[in-house]
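First the structure, in the form of structure tokens, and then the observations on it.
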Amino acid sequence: MSSVLLDARAIAKHFGGVKALHDVSLSINQGEIYGLIGPNGAGKTTFFNVLTGLYHPDGGELIFAGEKLPASAPHKVAKRGIARTFQNIRLFANMSAMENVMVGCHVRTHAGVFGAVVHDRRTTAEEVAIRRRAEELLHYVNIADRADDLARHLSYGDQRRLEIARALATDPKLLALDEPAAGMNGTETEALRELIEGIRKDGITVLLIEHDVKLVMGLCDRVAVLDYGEKICEDVPAVVQKDPKVIEAYLGGSLA
Amino acid sequence: MMGFLASFEALRHDKRAAIAAIAATVAMGIVLAVFPFIVGSALGNSWLRIVDFAMLYIMLALGLNIVVGFAGLLDMGYIAFYAVGAYLYALLASPHFGLHLPVWLIIPAGAVLAGIFGALLGAPTLRLRGDYLAIVTLGFGEIVRIFLNNLNAPVNITNGPQGISGIDPIHLGGITLAKPISVLGFTIPSLHAYYYLFLVLALGIVFVTIRLENSRIGRAWVAIREDEIAAKSCGINTRNIKLLAFTMGASFGGVAGGLFAGFQGFVSPESFNLMESVMVLCMVVLGGMGNIPGVILGGILLTVLPEVFRHGAGPVQMALFGKILLDPEALRMLLFGLALVVVMLYRPAGLWPSTTRRREFKGESTDVLKEGE
């Protein structure tokens, strides 16, 4: 039994009267690829936003690597080792691909105003290391040739890859991907699957929201299904696929 | 100064380019050194004063550029920090309180105090962006001016609308810049001496800005401008980084303000009205937001152009019509406004935008660029 990396306990989030998340508990093990699926509006992205500190939960707590995660402090969450991508890509559009990844290194580096102005030895070394790391990551996600292009000029698939590279630059323990395959064609999705598998091999745990059922079932070790803000199922893909509640949630009651 | 910037960039890339750059820097240095003598003898002292003021405005524009250009926070009350620096100098080196502290103490103190004011302005506005931030900062600028206007009762601190006069001129190591200085048989007139001092400080600010831009801090500023939520998720403490932008920007304004007080010998709240904030903002936007050479160009043009119109409008009308039809003073702002409109129509990214912004406005793809090159 592998150790638990993230333990979400009874997470609740309401928007007015709408219960976007209702006592959702799930635990993600170290080193696994964990899928979070559900129909539109099930609360998947809301869970991501609570997890990464963009929303303040109305109940429950998140235990990450043995310690409680701070609520509504995204930069602290990043520092603790959770990185994310966004459903609708949020790159720094007018910065180059390289710079985007370099920003990702921010959280693991320390140079302040003094260092920036004076260029002391530590800052210079740090800056070189940032640049090298960013180059590595662009290679890793296979867009090294676009390093100097503005993020907004990359193709859709490359933008998704760049966002992953930027997230990896924060040196995460857990990488949370919000619909990374959305809008991708078959070839791109296949390349994405390889990329995610590679990331897991490097020891990073992956939490994946995805609509592409084939991708989720082929890639994930375990899957949780959300419906109307509640977790209705959590198991290995083969079991989840056959679960009557899941089928009902996706296809409607009468067909089940 | 542009040569200096270009050379600085080149130095980091290529050896041969570096040699050319050093040559360019030396040439630029000579031009900058003899420039006041050329202006002084060709156009007279009033123009040299304008050149000195242009230096101050360059410093202001570079400071505001950190807030508006880099971090993308629209600040409409920037002149308040200039006022803080100027009044601090005026209070600490004038007969008003009978204090005559040395310049090397007051100017850094002005930078620090303005920086604190910058943080004070930044703190309550952290959640605001765009129009809302503009309105709050505009209010802040006006509050500072109104305070300066009214802090003459019950205790007279700022001397109210009369302002503070008789401010000590800037003096360095016992040498006052108010009188001609003779060095090795040369005589450097006062306005020239101020020019050199301002030039050195402006170059210093340019240097600091360039270093900041190409650093972890500078990238964080731009990241916040581009997408605040993504920046947070990348682990950027947006609160601190924004406050840092306000503080750094304000401290440049404080330095410029102190120099202004010493140069002018007189400060009053009138000098720090909304129009001045707008003017500095125009320098940043018009020159090319976020691009240091562009902002410098904006600072120079927007200081010099109104004066050109002021001095030129009369003689040109005399030559054309034989009499003065329109008051040059009124015509000046009219022409100036027209110039602004024309620039924004034909160069919406500014006169000298950064390569990034130029592409952004044209909306062209880099692939096209590559084929063209």
Selected residue [surrounded by fewer than 23 Cβ atoms within 10 Å (Cβ to Cβ) and closer than 23 Å to B:Arg225 by Cα] from B:Leu73, B:Leu120, B:Leu151:
B:Leu120
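Report yes if some residue within region B:129-137 is within 20 Å of B:Ala261 (Cβ to Cβ), open to solvent by 80 Å² or more (accessible area, probe 1.4 Å) and aromatic (Phe, Trp, Tyr); otherwise report no.
So in region B:129-137, the residues within 20 Å of B:Ala261 (Cβ to Cβ) come out as none.
Within region B:129-137, not a single residue is within 20 Å of B:Ala261 (Cβ to Cβ), open to solvent by 80 Å² or more (accessible area, probe 1.4 Å) and aromatic (Phe, Trp, Tyr).
Would you call A:Ile82 modelled with pLDDT of 95 or more, away from chain B (no Cβ under 13 Å) and open to solvent by less than 30 Å² (accessible area, probe 1.4 Å)? Can you show your working first?
On the way: modelled with pLDDT of 95 or more: yes; away from chain B (no Cβ under 13 Å): no; open to solvent by less than 30 Å² (accessible area, probe 1.4 Å): yes.
No: the conditions fail for A:Ile82.
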Sole miss for A:Ala93 among (1) facing chain B (nearest Cβ under 8 Å); (2) assigned to a strand (DSSP E or B); (3) open to solvent by 10 Å² or more (accessible area, probe 1.4 Å); (4) small (Gly, Ala, Ser) is condition (2)
Which one is surrounded by the fewest Cβ atoms within 10 Å (Cβ to Cβ) among residues in region B:244-294 that are over 21 Å from B:Leu201 (Cβ atoms) and of a type in the set (Val, Ile, Thr)?
B:Val278
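Among A:His75, A:His22, which is open to solvent by 10 Å² or more (accessible area, probe 1.4 Å) and in contact (Cβ under 8 Å) with a residue 40 or more places away in the chain? Step through it out loud before you land on a result.
Working: A:His75 fails: in contact (Cβ under 8 Å) with a residue 40 or more places away in the chain.
Sole residue among the options that is open to solvent by 10 Å² or more (accessible area, probe 1.4 Å) and in contact (Cβ under 8 Å) with a residue 40 or more places away in the chain: A:His22.
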Residue match in region A:108-116 (condition: among the polar types (S, T, N, Q) and out of contact with any helix residue (DSSP H, G or I) (no Cβ under 6 Å at 6 or more places or on another chain)):
no
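Name the single residue, out of those in region A:18-53 being within 14 Å of chain B (Cβ to nearest Cβ) and not in a loop (DSSP other than H, G, I, E, B), that is farthest from A:Leu208 (Cα to Cα).
Our first condition is that a residue be within 14 Å of chain B (Cβ to nearest Cβ); within region A:18-53, this holds for A:45, A:48-53.
With not in a loop (DSSP other than H, G, I, E, B) added as a condition, the list becomes A:45, A:48-51.
On the way: A:Thr45: 11, A:Phe48: 10, A:Asn49: 13, A:Val50: 15, A:Leu51: 13 Å.
Taking the candidates together, the pick is A:Val50.
Quick one: is B:Ala202 in contact with a Ser or Thr (Cβ under 9 Å, 6 or more places away or on another chain), open to solvent by less than 60 Å² (accessible area, probe 1.4 Å) and in a helix (DSSP H, G or I)? First the steps, then the outcome.
On the way: in contact with a Ser or Thr (Cβ under 9 Å, 6 or more places away or on another chain): no; open to solvent by less than 60 Å² (accessible area, probe 1.4 Å): yes; in a helix (DSSP H, G or I): yes.
It is false that B:Ala202 is in contact with a Ser or Thr (Cβ under 9 Å, 6 or more places away or on another chain), open to solvent by less than 60 Å² (accessible area, probe 1.4 Å) and in a helix (DSSP H, G or I).
Every residue, every condition in (1) at positive phi; (2) under 14 Å from the mean Cα position of the chain (by Cα); (3) more than 14 Å from chain A (Cβ to nearest Cβ), yes or no:
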| site | (1), (2), (3) |
| --- | --- |
| B:Gly235 | yes, no, no |
| B:Phe246 | no, no, no |
| B:Ser251 | no, yes, no |
| B:Gly258 | no, yes, yes |
| B:Ser268 | no, no, yes |
| B:Glu276 | no, yes, yes |
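Please work out which residue is farthest from B:Ile236 (Cα to Cα), limiting yourself to region A:111-146 and to residues that are open to solvent by 20 Å² or more (accessible area, probe 1.4 Å), part of a loop (DSSP other than H, G, I, E, B) and more than 8 Å from chain B (Cβ to nearest Cβ).
A:Asn142
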Quick one: A:His56 ticks every box in (1) assigned to a strand (DSSP E or B); (2) out of contact with any Cys (no Cβ under 9 Å at 6 or more places or on another chain) bar one, so which box is it?
(1)
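Can you go through A:Val206, A:Val225 and tell me which one is open to solvent by less than 30 Å² (accessible area, probe 1.4 Å), closer than 30 Å to A:Gly17 by Cβ and either at pLDDT 95 or above or among the hydrophobic types (A, V, I, L, M, F, W, C) (or both)? Reasoning before the result, please.
Details: A:Val206 fails: closer than 30 Å to A:Gly17 by Cβ.
Exactly one residue qualifies, and that residue is A:Val225.
The values are calculated or read from the model by the stated rules, or taken from the named source; none is laboratory data. Note that the coordinates shown come from a computational prediction; the quantities given were computed from them, not determined experimentally. Positions of Cβ are generated from backbone atoms using ideal geometry, with glycine treated the same way; all protein chains shown enter the neighbour counts. For the accessible areas, the whole protein counts, side chains as well, though only heavy atoms, and no ligand, DNA or RNA atoms are used. Shrake-Rupley method; radii C 1.70, N 1.55, O 1.52, S 1.80 Å.
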